[in-house]
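In what follows, a structure is listed as structure tokens, so that the remarks can point back to it.
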Amino acid sequence: MKRSEALIEIDNIHKSFGDFEVLKGISLSVNEGEAVCIIGPSGSGKSTVLRCINGLLPIDEGFIRVGNHRVHELRSEKEMRPLRHQVSMVFQQYNLFPHKTALENIMMAPIQVLGHERAEVEDRARKLLEKVRLGNKADSYPGMLSGGQQQRVAIARALAMQPEVILFDEVTAALDPETVKEVLLTIRELVDDGLTCILVTHEMKFAREVADRVCFTDRGLIVENAPPADLFDNPQDPRTREFLGQVL
Amino acid sequence: MFGLDYSWLADPAYQNWLVTGVINTLELAALSSSVAILIGMLGALGLSLRVFWLDALIEFFVEVFRNTPPLLQMLFAYFTLSTLGLKTTDPVTGLEVPLLSAFACACISLSLFGGALAIEAFRSGLETMPKAITEAGRSLGYSRWARFWRIEVPIASRVCLPSLTNILTNLFKTTSQASVITVPELMYYAGQIYNDTFRTLEVMILILIIYVVLVSILSYGMSRLEAYLTLPGYGKGQ
Ligand SMILES: Nc1ncnc2c1ncn2[C@@H]1O[C@H](COP(=O)(O)OP(=O)(O)OP(=O)(O)O)[C@@H](O)[C@H]1O
Ligand SMILES: [Mg+2]
């Protein structure tokens, strides 16, 4: 009964935009403390999977459970509230709120959404800024920070919700190579700390190093799902081989 | 000088009228501007919900108030609202008075006129909102309402502040039309004074100067506000 112990359980989910079926029956389970990387060609539905997991997109068919939330059954934003506490997401575009400082960006939701004590949240936020090595940028506005710094604030903001799972959607794709390193380092530390992560990434080397498992998606399906050593060195499916041939 | 005679300005009665007129103009402008801004925000929120009948309703409201003369709107408000016959008893004098004074009617009509323009301004401000920001708000668990007030309004207001300045300036000048429905604001007292003194040109020049000063203060205030709200590295602060 390994599956029912998983923290995240996704079973045969389907999602269409109009006539276009983006997810054609994706199943995946993620255990607590596991880091799962999703790789695959552009448009294969990677971002869509993440959005479905935290309820940003409703699914057409299938089953999604995170902890004890049955995500596919949550209808209103109010019902999603406890899920937001449990699952955070970091996006490709560093979408910090431009009218708030780095520290305020981190503090906002825990205070305004979760109703936590301001003093305690500030303490937490400052520690998180230290953790992402931006302790000296607490009072900077996002517009004053580099892309990599903004992305690390976004990670701290996601962590401030004290989630059990963080979903990362190509968080380094918009960054220049220099700053990619610092962001990946931050993520690696989170994985080492035992946080459950699902990471969509184009950084194959990173995926190989941090992931417990790698999923290769193509045209709305998970084609292959294996530990990184197996998937990268000994891919079973021809589509995986072709994709890896192009990117490696 | 130039044969202009301002000796009437020494009369305390006229001074009093002018001061009262300015105060009433300021009150009318402040009240209707505040309500207009609120209408603008709520209207834009309503439009962003994309509910068919609500969209139609708001669009209709905007079209009507944007495409008709504000003077007509004011007369319309005055005559319809005052003929509704809503009466109340004045607690001081014990007399029956209309519930909605001319001042109240002017306020309502100006608020709606300004509100219609403000809806347009806020709508275009909200349209510049990056989708990523909205999504970040959702993923952090903000409700639609909280997202609107805590995230979208602060960001969109900065974007639409210049057009809002235009609208408020416009609205300020339009308050002068309240004189037509006997609201004792600046323009109304101007008429009273030149009817009394026959110094039409002198009175008009003075009133003109007063409006220039008041509106300049308003636009100066708005430009200061804009500078204060500019975010480093965002929009104008780039
Ligand atoms: N809101 C939407 N409406 C219509 N089509 C959409 C929408 N979101 C995504 N799609 C389509 O669904 C497909 C999968 O999108 P998705 O963003 O999940 O791909 P992805 O694997 O994350 O790709 P990338 O690597 O480029 O980010 C794409 O073809 C995209 O055009
Ligand atoms: Mg994507």
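Looking only at residues in region A:118-159 that are open to solvent by less than 60 Å² (accessible area, probe 1.4 Å) and of a type in the set (S, T, Y), which one is farthest from the other protein chains (Cβ to nearest Cβ)? Here the answer is A:S146. Residues in region B:161-169: is at least one within 14 Å of chain A (Cβ to nearest Cβ) and either part of a helix (DSSP H, G or I) or open to solvent by less than 30 Å² (accessible area, probe 1.4 Å) (or both)? Yes, the conditions are met somewhere in region B:161-169.
Of the residues making up region A:88-108, those that are more than 16 Å from ligand 1 (Cβ to nearest atom) and either closer than 25 Å to B:Y228 by Cα or out of contact with any helix residue (DSSP H, G or I) (no Cβ under 9 Å at 6 or more places or on another chain) (or both) number 13.
The residues in region A:38-97 that are under 13 Å from A:E9 (Cα atoms) and within 16 Å of ligand 2 (Cβ to nearest atom) can be counted, and the count is 5.
Against the numbered list (1) within 22 Å of B:Q73 (Cβ to Cβ); (2) in contact with a His (Cβ under 8 Å, 6 or more places away or on another chain), B:N166 comes up short only at (2). Please verify whether region B:125-136 includes one or more residues that are more than 9 Å from chain A (Cβ to nearest Cβ) and more than 30 Å from A:V87 (Cα to Cα). Yes, region B:125-136 contains at least one residue that is more than 9 Å from chain A (Cβ to nearest Cβ) and more than 30 Å from A:V87 (Cα to Cα). Suppose the filter is within 14 Å of another protein chain (Cβ to nearest Cβ), among the polar types (S, T, N, Q), assigned to a helix (DSSP H, G or I) and more than 30 Å from A:L74 (Cβ to Cβ); does B:S157 pass it? It is true that B:S157 is within 14 Å of another protein chain (Cβ to nearest Cβ), among the polar types (S, T, N, Q), assigned to a helix (DSSP H, G or I) and more than 30 Å from A:L74 (Cβ to Cβ).
Would region B:215-224 turn up any residue that is assigned to a helix (DSSP H, G or I) and over 21 Å from the mean Cα position of the chain (by Cα)? No - not one qualifying residue is present in region B:215-224. Within region A:40-51, residues that are free of Cβ contacts under 8 Å to residues at least 40 places away in the same chain sit with their Cβ atoms under 7 Å from residues that are near ligand 1 (Cβ under 6 Å from one of its atoms), at 6+ positions apart or across chains, in these pairs: A:T48/A:V22.
Considering only residues that are open to solvent by 30 Å² or more (accessible area, probe 1.4 Å) and more than 8 Å from every other protein chain (Cβ to nearest Cβ), look in region A:93-117 and name the one that is nearest to the chain's Cα centre (by Cα). The selected residue is A:Y94.
Of the strands (runs of 3 or more DSSP E) contained entirely in region A:162-248, those carrying at least 3 residues that are under 30 Å from A:E120 (Cα atoms) and either more than 19 Å from the chain's Cα centre (by Cα) or of a type in the set (A, V, I, L, M) (or both) fall at A:165-169. When B:Q15, B:Q73 are checked against the criterion of being in a helix (DSSP H, G or I), open to solvent by 60 Å² or more (accessible area, probe 1.4 Å) and at pLDDT 90 or above, B:Q15 stands alone in meeting it. When region A:8-24 is filtered for residues that are part of a strand (DSSP E or B) and within 16 Å of ligand 1 (Cβ to nearest atom), the ones remaining, listed by number, are A:I10, A:I13, A:H14, A:K15, A:S16, A:F17, A:F20, A:E21, A:V22, A:L23, A:K24. Within this structure, A:P98 fails the test of being assigned to a helix (DSSP H, G or I) and over 22 Å from A:V191 (Cβ atoms). Within region A:25-59, the set of residues being more than 14 Å from chain B (Cβ to nearest Cβ), surrounded by 15 or more Cβ atoms within 10 Å (Cβ to Cβ) and within 14 Å of ligand 1 (Cβ to nearest atom) comprises A:I26, A:C37, A:I38, A:I39, A:G40, A:P41, A:S44, A:G45, A:K46, A:V49, A:I59. For region A:60-85, a residue qualifies if it is of a type in the set (D, E, K, R), free of Cβ contacts under 8 Å to residues at least 40 places away in the same chain and within 14 Å of another protein chain (Cβ to nearest Cβ), and the qualifying residues are A:R75, A:E77, A:K78, A:E79, A:R81.
The values are calculated or read from the model by the stated rules, or taken from the named source; none is laboratory data. A quick note: this is a predicted structure, and the numbers were derived from the prediction, not measured. Cβ coordinates were reconstructed from backbone atoms using ideal geometry, including for glycine residues, and neighbour counts include every protein chain displayed. Keep in mind that these areas ignore ligands, DNA and RNA; they rest on the heavy atoms of the full protein, side chains included. Shrake-Rupley method; radii C 1.70, N 1.55, O 1.52, S 1.80 Å.
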